[in-house]
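The values are calculated or read from the model by the stated rules, or taken from the named source; none is laboratory data. This one's a predicted model, so the numbers in the text were calculated from it and none came from an experiment. Because the Cβ atoms are built from the backbone with ideal geometry, glycine has one as well, and the counts that use them run over all protein chains shown. Just so you know, the surface numbers come from the protein's heavy atoms only, side chains and all, with ligands and any DNA or RNA stripped out. Shrake-Rupley method; radii C 1.70, N 1.55, O 1.52, S 1.80 Å.
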Amino acid sequence: MAIKVGTVFNYLQLPNVSKFPFVINKRQDNIFVQKGLFVYTKSNEGFLIGVIEEIILLNEYFTDALTIKAYNNNNNPNILKGLFPSEDFEFAIAIVKCLGLIKFKDNNLKEIEKVQRMTYPASPGKGVYIVEEDILFKFLGFDTDYGLDLGQVKVTNSKAKINMNRLLNKHFAILSISGGGKSYLTSVLIEELLSRNEDYGTPAIILFDVHGEYIYLKDIPELKNKIKIQDISYFQIGIPKLSVYSFKKYQEQISYVQIRELSKYIKKLKRDKNRKNQYTLNDIIGQIENETEGNRSTKQALVGWLSELKRLTLFGSQENPLLNNVVNKQQLTIFNFQKEISIRKKQIIVDYICNRLFELRRTNNIPPFLLIVEEAHQFCPEAAHAKAISKPIIEMIAREGRKFMACLCLISQRPKKLSTTALSQCNSKLVLNIKNPYDLKHLMDSSEAITKEYTSMISSLGVGEMLIMGNAVNYPVFIDVRERNFKSKSEETSLAQFCLNWQSKEL
Ligand SMILES: Nc1ncnc2c1ncn2[C@@H]1O[C@H](COP(=O)(O)OP(=O)(O)OP(=O)(O)O)[C@@H](O)[C@H]1O
Ligand SMILES: [Mg+2]
């Protein structure tokens, strides 16, 4: 049975098409009308659903300064209680932001046929009711049966079961200040994807773990078979897999004239049948040095640039690990960058992996995947002066990946520093607390769903509270992110305990 919480009335210039006010009924048992609650009323057009945006308490007795003076001056308020029945005159008003009109199938109030935009205001005098859970789920676009359980919809007892297809069909971003809970939310999402029933279909997950925060997942018995950890110290780029322009990308100073020369040497190595398309940087250098023809200074410069690349100790005759072997359906591959400090080296690795994954996906050699990029502003920055080797490929996946079922998840604590091209392609946004006004403005610029009202709510979110908006849901929803099912050891150790256990390493 529908639970009535109030009655629509006229207040200031409302109701209009986008908002309506209602007087809240006196508090009933177990019903607490709060900001964020989803309610509906029957308007001339149909069932009008909205969310309570503001609650105002009014008391006519206390709008007049003289009455307050008289009330406070009296030495015996009990005598005046009869004259000033102020408590009886207190009433609360809720302002509801209209979200949409529901059309039900064949007047069956359980089956939503479609949701429309409203064109007419709510009617004063009509009752206001709480939206029932199953209607709310359908209205928000949740997937009650197979959805990813990310937590609880705020002000309700309902689980936020996000539809996986809707979240991963287009790219998404997880944004907040440092410590806002991005990595925590990401591990909740990973738990959900890895524990999904095998019959439902789940893409492969690839994660760039900049600080080694996710390797604890490998210690969890329920998940460990589905997780591969690749330490970047052993990572090797396969030189034969690189196009000649990749050399310019990795070593910017190489000129186009030198690149043209380089391509001739590489072609010769590729044609050499004995090598079976296996050669290293050393082989290219050898080829250049042994060549009698060609401009000497160009050759010298090339050898210099290639030797500098060699010092990165990143290149070999074959890629390691073989990327098509480590990417599997419903498995997580973590590239652990914890021990690497050189940002250039990290960007080269990210660039190479992204390029290869995209190519392998386009040629259907690996399953659809979700690529999670932690600290995305390091790999795909906005500013022109903060060039990043990996920026073009991340922007390319952001623009084109969707057509090939390659989904990108960008995680960042500085949205302002993240490429606008990439961020604006992130259709769904999972936003935790953001305080910086520049970041909020950047977010507003990159997504029309984020209005001024939302930005003020975003800046007051607590740890573990998020706003999800975009393709994943029909309307922006506030969610309390659930606790992780599996905890890391370090999470259970307090700082004091860690200090007690710490011992200096013997030199
Ligand atoms: N949903 C949650 N439930 C309980 N605790 C949480 C939740 N989200 C975050 N936390 C707590 O907040 C801490 C910081 O979260 P997290 O490491 O995810 O932040 P972050 O946004 O990734 O920060 P950074 O940008 O510095 O990487 C976590 O260690 C955890 O204790
Ligand atoms: Mg983090």
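Arrange the peptides 324-334, 212-222 so that the one whose residues have, on average, the most other Cβ atoms within 10 Å appears first.
Top of the packing list down: 324-334, 212-222.
Go ahead and estimate [θ] at 222 nm for the chain from helices alone: -39,500 (n - 2.57) per DSSP H run with n ≥ 4, summed, over the residue count, rounded to 500.
-9000 deg cm²/dmol
Points 7 angstrom from Cα along the Cβ direction at Lys241 and Ser123: gap in nanometres?
Using points 7 Å along Cα→Cβ, the separation is 6.6 nm.
Peptides 340-348, 189-197: what's the order by average Cβ count within 10 Å, highest mean first?
189-197, 340-348
Where Rh is the Kirkwood radius over the Cα pairs of the chain, the temperature 20 °C and the viscosity 1.002 mPa s, what D in µm²/s does Stokes-Einstein return?
Details: Rh = 26.7 Å.
Estimated via Stokes-Einstein, D reaches 80 µm²/s.
If Lys and Arg each add +1 and Asp and Glu each add -1, what is the summed charge of the other residues whose beta carbon sits under 11 Å from the beta carbon of Leu322?
+1
With the dipole of the chain worked out from charges on the C-beta (+1 for Lys and Arg, -1 for Asp and Glu) around the Cα centre, which of Ile334, Met469, Asn59 lies farthest toward the positive end?
Of the listed residues, the answer is Ile334.
With every protein chain kept in place and ligands, DNA and RNA left out, what is the accessible area per residue of region 238-316? Probe 1.4 Å, answer in Å².
Per-residue value: 59 Å².
On a 0 to 90 degree scale, rounded to 10, what angle separates helix 437-446 from the longest Cα axis of the chain?
On a 0 to 90 degree scale, this one is about 80.
Report, in degrees rounded to the nearest 10, the 0 to 90 angle that the Cα long axis of helix 343-362 makes with the longest principal axis of the chain.
Compared with the principal axis, the helix lies near 80 degrees.
At 0.36 nm per residue, minus the direct Cα-Cα distance, what do Asn320 and Thr363 gain on full extension? Give it in nm, one decimal, please.
13.5 nm
What is the distance in Å between the Cα centroid of region 342-383 and that of region 445-477?
27
Calculate the dipole size of region 238-316 relative to its Cα centre from +1 charges on Lys and Arg beta carbons and -1 charges on Asp and Glu beta carbons; express the result in debye to the nearest 20.
With Lys and Arg at +1 and Asp and Glu at -1, about 360 debye.
I want to check the label-to-label distance for Leu57 and Lys268. Put each point 7 Å from Cα in the C-beta direction and report it in nm to one decimal.
Result: 8.6 nm between the two label points.
Show me the three semi-axes of the equivalent ellipsoid for region 4-140, from the C-alpha gyration tensor (sqrt of 5 times each eigenvalue), largest first, rounded to whole Å.
Each semi-axis is √(5λ); the values are 37, 15, 11 Å.
How large is the dipole of region 4-140 about the Cα centre if only Lys and Arg carry +1 and Asp and Glu carry -1, each at its Cβ, rounded to the nearest 20 debye?
Values: 16 positive and 15 negative charges, 58 e Å.
Roughly 280 debye, rounded to the nearest 20.
Let me check against my output: what whole-number percent is the relative contact order of the chain, with C-alpha pairs under 8 Å and at least 6 apart?
18
Which entries of Lys182/Lys228; Lys19/Lys159; Lys105/Lys403; Lys329/Lys391; Lys346/Lys429; Lys228/Lys417 show an alpha-carbon separation above 24 angstrom in the structure shown?
Lys19/Lys159; Lys105/Lys403; Lys329/Lys391; Lys346/Lys429; Lys228/Lys417
Rank Ile206, Ser243, Ala496 by how far each Cα sits towards the positive end of the charge dipole of the chain (+1 on Lys, Arg Cβ; -1 on Asp, Glu Cβ) and give me just the farthest.
Ser243
Order the following by accessible area, largest value first: Val115, Val463, Val128. Probe radius 1.4 Å; ligands, DNA and RNA are ignored.
On the way: Val115 60, Val463 125, Val128 0 Å².
Listed by decreasing accessible area, they come as Val463, Val115, Val128.
Considering only DSSP beta bridges with both partners in the chain, what is the antiparallel share in %, to the nearest 5?
Numbers: 52 of 83 bridges.
Of the beta bridges lying entirely in the chain, close to 65 percent run antiparallel.
In whole angstrom, note down how far apart the Cα centers of region 166-217 and region 99-123 are.
With region 166-217 and region 99-123 each reduced to a Cα centre, they are spaced 34 Å.
Evaluate the charge dipole of the chain about its Cα centre and quote only its size in Debye, nearest 20, assuming +1 on the Cβ of each Lys and Arg and -1 on the Cβ of each Asp and Glu.
2000
Which order do you get for Arg271, Arg402 if you rank them by accessible area with a 1.4 Å probe, largest at the top?
Listed by decreasing accessible area, they come as Arg271, Arg402.
Length gain on complete extension for the stretch Lys224 to Tyr256, per 0.36 nm per residue less the alpha carbon to alpha carbon distance?
6.8 nm
What accessible area, in Å² to the nearest ten, does a 1.4 Å probe give for Thr292?
About 130 Å², rounded to the nearest 10.
Taking the simple approach of a point 7 Å from Cα along Cα-to-Cβ for both Thr313 and Ser178, what is their distance in nm?
Simple spin-label model gives 2.9 nm for this pair.
With angles folded into 0 to 90 degrees, how steeply does helix 391-400 sit against the dominant principal axis of the chain? Use alpha carbons for both and round to 10.
60
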